[in-house]
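Just so it is clear, none of the values below were taken in a lab; they were calculated from the coordinates. On a predicted model such as this, the values are computed, not experimentally measured, just so you know. Here the Cβ is made from the backbone with ideal geometry for all residues, glycine too, and neighbour counts use every protein chain on show.
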Amino acid sequence: MDFLIDFISELIFDTALNGAESAAGNRKLPKPVRYLILALIILVFAAVLSVVFLTGALMLRDSNYPFGIFMLALGAVMLFMSIRKFRILREKVRKPSAEGENKGEEI
């Protein structure tokens with residue numbers, strides 16, 4: 001039963017984040033809506049990163065050094081990848097999509 005709950009929650013969050021990413025890059029949506037979606041994505045990533053860093057700090061405080069160092073390193077890698085993903089999303093919002101540029105042209 002635990003596996004089923006994990007699978008369903010992962011499916012929901014994966015679908016929601018992928019949908020939000022594609023909506024953030026969609027030029028048909030108004031800018032305030034796209035920026036709101038980007039802000040929500042950033043908040044989700046920030047919450048996950050905060051939990052990872054907090055767990056690492058608490059483990060270091062409880063003298064569980066290997067796990068604490070691992071969690072802090074994992075948090076640093078996740079922070080780097082989140083910044084990279086945010087930059088990619090920001091470029092999607094700023095640049096027009098390739099479909100919109102070639103819409104009226106014949107090949």
Open item on the list: Checking Ser63 against (1) more than 19 Å from Ile88 (Cα to Cα); (2) under 19 Å from the mean Cα position of the chain (by Cα); (3) assigned to a loop (DSSP other than H, G, I, E, B): exactly one of these is not met. Which one?
Closed with: (2)
Open item on the list: Can you tell me which residue is nearest to Phe13 (Cα to Cα) among those in region 29-65 that are surrounded by fewer than 11 Cβ atoms within 10 Å (Cβ to Cβ) and hydroxyl-bearing (Ser, Thr, Tyr)?
Closed with: Tyr65
Task: Residues being over 13 Å from the mean Cα position of the chain (by Cα), more than 17 Å from Leu74 (Cα to Cα) and aliphatic (A, V, I, L, M) - total across region 24-60 - done: 3
- [ ] Kindly establish whether Ile69 is in a helix (DSSP H, G or I), touching a helix residue (DSSP H, G or I) at 6+ places or on another chain (Cβ under 9 Å) and either in contact (Cβ under 8 Å) with a residue 60 or more places away in the chain or surrounded by 15 or more Cβ atoms within 10 Å (Cβ to Cβ) (or both).
- [x] no
